[in-house]
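The values are calculated or read from the model by the stated rules, or taken from the named source; none is laboratory data. Just so you know, these numbers come straight off a predicted model, no measurement behind them. Cβ placement follows ideal geometry from the backbone for every residue including glycine, while neighbour counts extend to all protein chains displayed.
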Amino acid sequence: MFMEGLKKHGIRIALDAEEFITQHSITESEIISINKKFISKEDLGPILKKREEEKDLKPEPKKAEVSLPADFKPLAKEYGPEIKVRESLDVTGKSRTEGGVSDFVNYFRNRYERLSALLRTYSGRYPEADLEGISKLVGQKVRVIVMVSEIRETKKGNILLQVEDLTGQFKIVISQRDEIAFTKAKNLVNDEVILVYGKVLPAFIVAEDLEWPDLSVTREKKKPERDLAAVYLSDLHFGSKQFLGGYFNRFTDWMSGRGENQELAGKVKYVFVAGDIVDGIGIYPNQEKDLDIVDVFKQYELFTDFVQELPDYVEVIVCPGNHDAVRRAEPMPALSKEILNCDVLSLGSPSTLCVENSEHLLYHGTSADGWIATLSHLSYDKPEKVMVECLKRRHLSPMFGGNAIVPEKMDYLVIEKEPDIVHFGHVHKNGYTRYRDSLIINSGTFQDTTEFQQKQGHIPTPAKVPIYEFMHDKLRTLDFTR
Ligand SMILES: [Fe+2]
């Protein structure tokens with residue numbers, strides 16, 4: 001959308017300049033201000049220089065000690081943060097692809113290799129076979145690990161899959177009469193990796209059953225040892241006319257012990273923000289009419305102010321969303337220090353980190369649109385169900401052709417670590433569930449219903465903040481509209 005906005009201004013970008021723009025979060029208005037029709041990497045240098053000069057004039061924001069009420073004795077102040085980021089699972093600083101055919105081949109190969117390794121841990125009915133030699137196994141029962149390339153319904157109402165592995169391609173038929181396999185197959189999506197049990201016939205395998213990589217049913221977890229809590233936010237949309245500033249100020253006041261249940265407020269050591277910090281600019285056509293602030297830097301200044309207003313012992317952890325000032329395609333790298341201009345832990349979307357012994361998966365949730373459009377049992381009303389589908393697949397966004405994907409050397413959208421807490425945003429609707437041993441949180445929004453959402457019949461749940469107490473494994477929602 002960002003590049004499309006530039007096209008409308010008749011501006012073209014050189015390939016090496018595109019990468020530079022992503023790396024330094026250069027905005028549309030900064031590029032327009034160069035006043036050239038073809039932008040090379042060299043043209044962008046002065047933008048960084050100008051930023052540096054402006055930074056010199058503007059003192060680094062120091063976190064002033066927020067004065068807390070005398071009767072507020074926050075427990076979280078007594079403890080340092082316990083955060084371990086799984087750097088290898090975050091694309092930030094590692095985006096190297098040129099987007100060529102071979103990059104896509106390697107990207108899907110990486111997905112297949114990592115997910116098939118998970119599927120190999122299933123205790124095996126039938127010996128495993130490669131697709132290359134499958135025609136020699138006619139009449140035998142086998143298991144195959146395949147990527148689904150195409151899903152079709154046959155004239156008789158059965159499901160026909162075109163599948164591939166690293167050695168070849170074949171077809172799989174799931175008959176309506178095989179109820180277990182057929183029910184599962186109705187939920188298949190393109191480009192996901194599955195395990196299929198079945199009998200080999202000359203032209204296809206007749207499936208008996210299939211499995212997704214999935215999470216372990218139970219797993220051993222480290223026990224959180226400190227009585228601390230985290231709040232989960234997303235979709236603040238600073239800069240939007242619909243931003244609910246009054247409710248948001250109530251939340252900020254509550255964090256500083258100026259509200260009900262001070263004891264709980266004092267336990268909050270971590271604030272997660274799963275993207276869409278600001279409303280951005282040029283995200284959709286005619287967005288200007290929905291904006292209070294049309295300068296993206298000024299939108300982020302409001303976020304900086306918010307961080308400054310939080311008690312200084314609170315750690316803020318953020319990842320970007322589709323409205324933020326990084327590339328739209330996934331995986332998204334972290335927002336830059338220049339943009340955020342405050343003391344927060346800025347990570348990519350998705351990212352994985354261990355906080356208070358709880359493994360967290362943090363992702364904006366952009367793929368929800370694709371999931372909801374593809375699987376009939378999903379809706380914007382129950383985002384937690386979308387999140388369960390991701391966990392089953394151990395993949396955040398398998399369907400190629402929906403969300404824009406950058407074919408990195410590694411598929412960062414694979415869910416490598418089994419998460420204790422999964423945090424998404426994006427759909428502006430609070431939703432929670434527990435799936436196997438994972439707690440699922442969709443954190444809603446601080447933006448009021450937009451005209452677009454009204455037309456879609458989509459009802460958001462603004463200003464409702466989930467808070468999780470680690471030691472007690474307890475999740476509750478605080479309602480700041482009251
Ligand atoms: Fe949003």
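Structure above, values below:
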quantity: Flag for GLY348 being out of contact with any Leu (no Cβ under 7 Å at 6 or more places or on another chain), in contact (Cβ under 8 Å) with a residue 60 or more places away in the chain and within 16 Å of the ligand (Cβ to nearest atom); calculated: no
quantity: Residues of region 261-272 satisfying the condition of being assigned to a strand (DSSP E or B) and touching a residue at least 60 places away in the same chain (Cβ under 8 Å); calculated: VAL268, LYS269, TYR270, PHE272
quantity: Residue in region 241-250 that is farther than 30 Å from SER116 by Cβ and of a type in the set (S, T, N, Q) present; calculated: yes
quantity: Lone qualifier among LEU236, LEU215, LEU228, LEU210 - being under 21 Å from ASP130 (Cβ atoms), crowded, with 19+ Cβ neighbours inside 10 Å and either at pLDDT below 95 or not polar (S, T, N, Q) (or both); calculated: LEU210
quantity: Any hit, region 279-287, residues being within 14 Å of the ligand (Cβ to nearest atom), closer than 22 Å to ILE441 by Cβ and touching a helix residue (DSSP H, G or I) at 6+ places or on another chain (Cβ under 9 Å); calculated: no
quantity: In region 239-262, the residues that are under 25 Å from the mean Cα position of the chain (by Cα), hydrophobic (A, V, I, L, M, F, W, C) and either more than 16 Å from the ligand (Cβ to nearest atom) or farther than 16 Å from LEU478 by Cα (or both); calculated: PHE243, PHE251
quantity: Out of ALA274, ALA325, sole residue that is in contact with a Gly (Cβ under 8 Å, 6 or more places away or on another chain), within 13 Å of the ligand (Cβ to nearest atom) and of a type in the set (A, V, I, L, M); calculated: ALA274
quantity: Residue selected from region 295-322 under the condition surrounded by fewer than 19 Cβ atoms within 10 Å (Cβ to Cβ) and either without any contact (Cβ under 8 Å) to a residue 40 or more places away in the chain or of a type in the set (S, T, N, Q) (or both), by the criterion farthest from the ligand (Cβ to nearest atom); calculated: GLN308
quantity: Residue count, region 434-448 (criterion: surrounded by 22 or more Cβ atoms within 10 Å (Cβ to Cβ) and either more than 28 Å from LYS222 (Cα to Cα) or within 16 Å of the ligand (Cβ to nearest atom) (or both)); calculated: 7
quantity: Hits in region 165-198 - residues which are touching a Phe, Trp or Tyr at 6+ places or on another chain (Cβ under 9 Å) and farther than 18 Å from THR154 by Cα; calculated: ASP165, LEU166, ASP191, GLU192, VAL193, ILE194, LEU195, TYR197, GLY198
quantity: Lone unmet requirement of (1) more than 21 Å from VAL422 (Cβ to Cβ); (2) within 16 Å of the ligand (Cβ to nearest atom); (3) at pLDDT 95 or above for ALA265; calculated: (2)
quantity: Matching residues, region 235-246, being assigned to a loop (DSSP other than H, G, I, E, B) and either farther than 14 Å from VAL307 by Cα or without any contact (Cβ under 8 Å) to a residue 60 or more places away in the chain (or both); calculated: ASP235, HIS237, GLY239, LYS241, GLN242, LEU244
quantity: Residue among TYR468, TYR412 that alone is aromatic (Phe, Trp, Tyr), over 23 Å from ALA373 (Cβ atoms) and either assigned by TED's automatic domain parsing to the domain that holds GLY239 or not in a loop (DSSP other than H, G, I, E, B) (or both); calculated: TYR468
quantity: Top-ranked residue of region 212-236 - restricted to ones that are touching a helix residue (DSSP H, G or I) at 6+ places or on another chain (Cβ under 9 Å) and within 16 Å of the ligand (Cβ to nearest atom), ranked as nearest to ALA265 (Cα to Cα); calculated: LEU233
quantity: Counted residues, region 409-420 - those being of a type in the set (D, E, K, R) and surrounded by fewer than 20 Cβ atoms within 10 Å (Cβ to Cβ); calculated: 4
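Table: residues versus (1) surrounded by fewer than 24 Cβ atoms within 10 Å (Cβ to Cβ); (2) more than 16 Å from the ligand (Cβ to nearest atom).
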| site | (1), (2) |
| --- | --- |
| VAL422 | no, yes |
| GLY425 | no, no |
| TYR432 | yes, yes |
| THR450 | yes, no |
